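Asker: Before I ask anything, here is the structure I am working with.
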Amino acid sequence: MEIYDSKPWLKSYDPGVETSLHIPDEPVTAGYERIRKRFPDRPAFHFHGVMWTFEKMFNAADRFARALSDRDIGKNDVVAINLPNLPQYLIAQLGATKMGCWITGISPLLLADEMAFQLKDSGAKALVTLDPIYEHRLLPVIDQLPELKFIVSTGILDFLPRFKQIMAALLKKVPTGNVKPIPGKDVIKFMPLLKKHEPNPPRVDIHADDIHLLQYTGGTTGTPKGAMLTHRNILSQALFWNTWFDMNIGTDVSCSGYPYFHIGGQCSFVATIWLGATQILIPNPRDTKHIVKEIARYKPHFINNVPSLYMLLLDTPGFKDLDFSSVRFATAAAAPYPVEPLKKLESVIGADKVVELYGLTETSPLVTMNPVKGTKKTGSVGIPVPNTEIRLVDILTGDTQVPQGEKGELIVRGPQIMKGYWNKPEETANAMRQHDGKTWLHTGDIAVMDSDGYISIVDRSKDMINVSGFKVFPREVEEKLYNHPAVKVCAVVGVDDPDRPGSEMVKLIVQMSDDWKDKSETEIIDEINTFCREKLGAHKKPKLIEIIDEIPMTAAGKVDRKVLR
């Protein structure tokens, strides 16, 4: 038997965590209805001082569902939501889900053409968007969107008391937009829509294997692809989460910076509601001062962020002075967490509270997590979650299994694996391949498994740098550089080597630590070069070093290597 088939990671499970869970044969809406009946008066969310109960939120969602039904938008139609984390997002998604619609989240940071691509590719019939996006990005491309027939526009402050809206307008803190009619399109504002429609949507028969999310990948190597994620896929995440973290149903409070249009945000969205937890809505993760205030006010039991946001919080006044006694754990995912910054975070929030995990859009997203009570291995993304099988296979062939301790491509199978990519059969066939008569997802991530079954992600295969035939993994170089005090954030990319056609050289981009900004770039680069000569092999040493004011990040908080390249 191959080593991965013996599941060596099971010995590292926390006591009480089942290795195989029963995934109910039901849609996520069934769990939502149970929470609605059991905890109608419990806070569903906090938003800038505004609190809504579960019953009030679901009542509004029913009104949104009725609005869709009245316009003949229903099962298997796509509803696009182009918002930050606002109450409107919760209501629109819950309402559309109740109608059996597919949800596709669109980043508010996308440009007009990028937004138009996703709307066209998904065939969205309805769109919920912000007023300024409506005026400045949607209107210029509306002629390209014949299938889009229903548009709901809203303002960031629509759910706040009137006096707060007036103050924000006077201070010009929030961008606005002119929402004018579009010939041939049904356009309405969000708040009037809720008042206009009754909370009595028709009952729609939804099954566990129906599509729930059409979740688009980042498109780092080409155009974005829509991963078709079913209700069963997404429900498995709530069960993994509840079991792994021993959640307290109907009592916990969550603070997550993941945007809902990202798969990490969707995991938080579904698991939090399904478990009856209260959400602290964070519309702008970059506003770390606001996050500090919300943590102080609501004392969350768990926090979910990308590593870069934790780094920003550590530099935010007041964060280190917060009382973190209520926080049981803080998850970190979506990007590697450098060891030294992770240790700094735990020195503030408490030892062993940071739980690194790993997932993908195509896996709904959870694949591996560090144990909560047992051994957490810094730099590792943990062990496979229940019901999940993994293997590491040869990077070039994608077939032969590699021994423990050696680098290989991570492949995965389990109830969280997508149905495939929307309208992309070739890409689906490339990602989902048969091994031993079973379908496995090829992640494209290069990983190593240790003797205890813990996985460490080395890098993305597409990010691997070829230096005269030698493989260089950016993360390995970056981890070393984070030990230099001048480096606040760094990224490594491969660039063409003009002296060696077909080969690349390593380029390092650095965002300096604040207390090094009084030194010249020449001094800092000289120091980093000396450090690299001492810590890195010749083929891994950066040939080019550039210092910039800020490392570009994606909307999900990952280093944007596409921009850097």
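The values are calculated or read from the model by the stated rules, or taken from the named source; none is laboratory data. None of these values were measured; they are calculated from a predicted model. Neighbour counts run over all protein chains shown; Cβ positions are idealised from the backbone, glycine included.
Asker: Just give me the residues in segment 6-32 being in contact (Cβ under 8 Å) with a residue 12 or more places away in the chain and either part of a helix (DSSP H, G or I) or basic (Lys, Arg) (or both), in sequence order.
Answerer: Hits for segment 6-32 are Lys7, Pro8, Trp9, Leu10, Lys11, Ser12, Val28, Thr29, Gly31, Tyr32.
Asker: Something else: Out of (1) more than 22 Å from the chain's Cα centre (by Cα); (2) over 18 Å from Leu90 (Cα atoms); (3) part of a loop (DSSP other than H, G, I, E, B), the odd one out for Pro224 is which?
Answerer: The number of the failed condition is (1).
Asker: Can you pull out the residues in segment 143-200 that are closer than 20 Å to Ile91 by Cβ and among the aromatic types (Phe, Trp, Tyr)?
Answerer: Scanning segment 143-200 gives Phe150, Phe159, Phe190.
Asker: Give me the pairs: first residue in segment 427-438 and more than 22 Å from Tyr4 (Cβ to Cβ), second residue modelled with pLDDT of 95 or more, beta-carbon distance under 8 Å, and six or more apart or on different chains, which are they?
Answerer: Pairs that qualify, where the first residue is more than 22 Å from Tyr4 (Cβ to Cβ) and the partner is modelled with pLDDT of 95 or more, are Glu427/Tyr421; Thr428/Gly420; Thr428/Tyr421.
Asker: Additional query: Looking at Leu214, Leu193 in this structure, which one is within 30 Å of Asp41 (Cβ to Cβ), surrounded by 14 or more Cβ atoms within 10 Å (Cβ to Cβ) and of a type in the set (A, V, I, L, M)?
Answerer: Leu193
Asker: State which residue is modelled with the highest pLDDT when the search covers only segment 464-475 and only residues that are outside any helix (DSSP H, G or I) and under 13 Å from Leu508 (Cβ atoms).
Answerer: Once the filter is applied, the top-ranked residue is Ile465.
Asker: Ok, one more. From the residues in segment 278-303 that are of a type in the set (Lys, Arg) and farther than 25 Å from Arg38 by Cβ, which one is nearest to the chain's Cα centre (by Cα)?
Answerer: Arg286
Asker: Could I ask something else about it? Go over the candidates Leu392, Leu314 one by one and state the one that is in the same structural domain as Pro415 (by TED's automatic domain parsing), crowded, with 20+ Cβ neighbours inside 10 Å, touching a helix residue (DSSP H, G or I) at 6+ places or on another chain (Cβ under 9 Å) and touching a residue at least 12 places away in the same chain (Cβ under 8 Å).
Answerer: Just one listed residue meets the conditions, Leu392.
Asker: Now, a different point. If you take the residues of segment 478-519 that are of a type in the set (Asp, Glu) and more than 19 Å from Gly557 (Cα to Cα), which of them is surrounded by the most Cβ atoms within 10 Å (Cβ to Cβ)?
Answerer: Initial filter on segment 478-519 (of a type in the set (Asp, Glu)): 478-479, 496-497, 499, 504, 514-515, 518.
In the following step, the residues that additionally are more than 19 Å from Gly557 (Cα to Cα) were identified as 496-497, 499, 504, 514-515, 518.
Working: Asp496: 11, Asp497: 16, Asp499: 8, Glu504: 18, Asp514: 8, Asp515: 10, Asp518: 7.
By that ranking, first place goes to Glu504.
Asker: Here's something else I'd like to know. Can you report the number of residues in segment 346-374 which are assigned to a helix (DSSP H, G or I), of a type in the set (A, V, I, L, M, F, W, C) and touching a helix residue (DSSP H, G or I) at 6+ places or on another chain (Cβ under 7 Å)? Steps first, please.
Answerer: At the first step, the residues of segment 346-374 found to be assigned to a helix (DSSP H, G or I) are 346-349, 361-363.
Next, only the ones that are of a type in the set (A, V, I, L, M, F, W, C) stay: 348-349.
Now drop any that are not touching a helix residue (DSSP H, G or I) at 6+ places or on another chain (Cβ under 7 Å), which leaves 348.
Here the count works out to 1.
Asker: Do you know which of the residues in segment 179-207 that are of a type outside the set (A, V, I, L, M) and part of a helix (DSSP H, G or I) is nearest to Pro87 (Cα to Cα)?
Answerer: Phe190
Asker: Taking the stated definitions as given, is Leu239 more than 26 Å from Val559 (Cβ to Cβ), part of a helix (DSSP H, G or I) and in contact with a helix residue (DSSP H, G or I) (Cβ under 6 Å, 6 or more places away or on another chain)?
Answerer: no
Asker: Looking at the structure I just gave you, is Gly374 over 28 Å from Leu214 (Cβ atoms), of a type outside the set (A, V, I, L, M, F, W, C) and surrounded by 21 or more Cβ atoms within 10 Å (Cβ to Cβ)?
Answerer: Working: over 28 Å from Leu214 (Cβ atoms): yes; of a type outside the set (A, V, I, L, M, F, W, C): yes; surrounded by 21 or more Cβ atoms within 10 Å (Cβ to Cβ): no.
Judged against the criteria, Gly374 is not a match.
Asker: I've got another one for you. Specify the residue that is surrounded by the most Cβ atoms within 10 Å (Cβ to Cβ); the eligible residues are those in segment 217-234 that are modelled with pLDDT under 95 and in contact with a Pro (Cβ under 7 Å, 6 or more places away or on another chain).
Answerer: Filtering first and then ranking leaves Thr217.
Asker: Could you list, in sequence order, all residues of segment 121-158 that are hydrophobic (A, V, I, L, M, F, W, C) and over 25 Å from the mean Cα position of the chain (by Cα)?
Answerer: Leu139, Val141, Ile142, Leu145, Leu148, Phe150, Ile151
Asker: Could you please give the count of residues in segment 415-452 that are more than 28 Å from Phe473 (Cα to Cα), assigned to a loop (DSSP other than H, G, I, E, B) and not polar (S, T, N, Q)?
Answerer: Residues in segment 415-452 being more than 28 Å from Phe473 (Cα to Cα), assigned to a loop (DSSP other than H, G, I, E, B) and not polar (S, T, N, Q): 6 in total.
Asker: In segment 317-328, what count of residues is obtained for those that are over 22 Å from the mean Cα position of the chain (by Cα) and either in contact (Cβ under 8 Å) with a residue 60 or more places away in the chain or not in a helix (DSSP H, G or I) (or both)?
Answerer: Of the residues in segment 317-328, the ones over 22 Å from the mean Cα position of the chain (by Cα) are 317-326.
Those still in the list that are either in contact (Cβ under 8 Å) with a residue 60 or more places away in the chain or not in a helix (DSSP H, G or I) (or both) too: 317-318, 322-326.
Selection size over segment 317-328: 7.
Asker: Being under 28 Å from Pro8 (Cα atoms) and hydrophobic (A, V, I, L, M, F, W, C) is true for just one of Ala296, Ala271. Which residue is that? First the steps, then the outcome.
Answerer: Numbers: Ala296 fails: under 28 Å from Pro8 (Cα atoms).
Answer to the check: Ala271.
Asker: Filter segment 379-417 down to the residues that are of a type in the set (Asp, Glu) and closer than 17 Å to Leu10 by Cβ and list them by number.
Answerer: Answer for segment 379-417, where residues must be of a type in the set (Asp, Glu) and closer than 17 Å to Leu10 by Cβ: just Glu389.
Asker: Can you give me the number of residues within segment 528-563 that are touching a helix residue (DSSP H, G or I) at 6+ places or on another chain (Cβ under 9 Å), over 28 Å from Pro224 (Cα atoms) and either assigned by TED's automatic domain parsing to the domain that holds Asn284 or assigned to a helix (DSSP H, G or I) (or both)?
Answerer: Qualifying residue count, segment 528-563: 4.
Asker: Follow-up question, since we're still on this one. What about Leu366, is it under 17 Å from Cys267 (Cα atoms) and out of contact with any Gly (no Cβ under 7 Å at 6 or more places or on another chain)?
Answerer: no
Asker: If you scan segment 476-515, which residues turn out to be in a loop (DSSP other than H, G, I, E, B) and more than 22 Å from Leu312 (Cα to Cα)?
Answerer: Correct list: Asp497, Pro498, Asp499, Arg500, Pro501, Gly502, Ser503.
Asker: For residues that are out of contact with any strand residue (DSSP E or B) (no Cβ under 7 Å at 6 or more places or on another chain) and either of a type outside the set (D, E, K, R) or buried (at least 19 other Cβ atoms within 10 Å of the Cβ) (or both), scanning just segment 116-141, find the one that is nearest to Gly177 (Cα to Cα).
Answerer: Within segment 116-141, the match that is nearest to Gly177 (Cα to Cα) is Pro132.
Asker: Does segment 85-98 contain at least one residue that is among the hydroxyl-bearing types (Ser, Thr, Tyr), out of contact with any Leu (no Cβ under 7 Å at 6 or more places or on another chain) and more than 30 Å from Glu147 (Cβ to Cβ)?
Answerer: Checking segment 85-98: not a single residue is among the hydroxyl-bearing types (Ser, Thr, Tyr), out of contact with any Leu (no Cβ under 7 Å at 6 or more places or on another chain) and more than 30 Å from Glu147 (Cβ to Cβ).
Asker: When you scan segment 32-40, do you find a residue that is modelled with pLDDT under 95, surrounded by 15 or more Cβ atoms within 10 Å (Cβ to Cβ) and among the hydroxyl-bearing types (Ser, Thr, Tyr), even just one?
Answerer: No; the residues of segment 32-40 include none that is modelled with pLDDT under 95, surrounded by 15 or more Cβ atoms within 10 Å (Cβ to Cβ) and among the hydroxyl-bearing types (Ser, Thr, Tyr).
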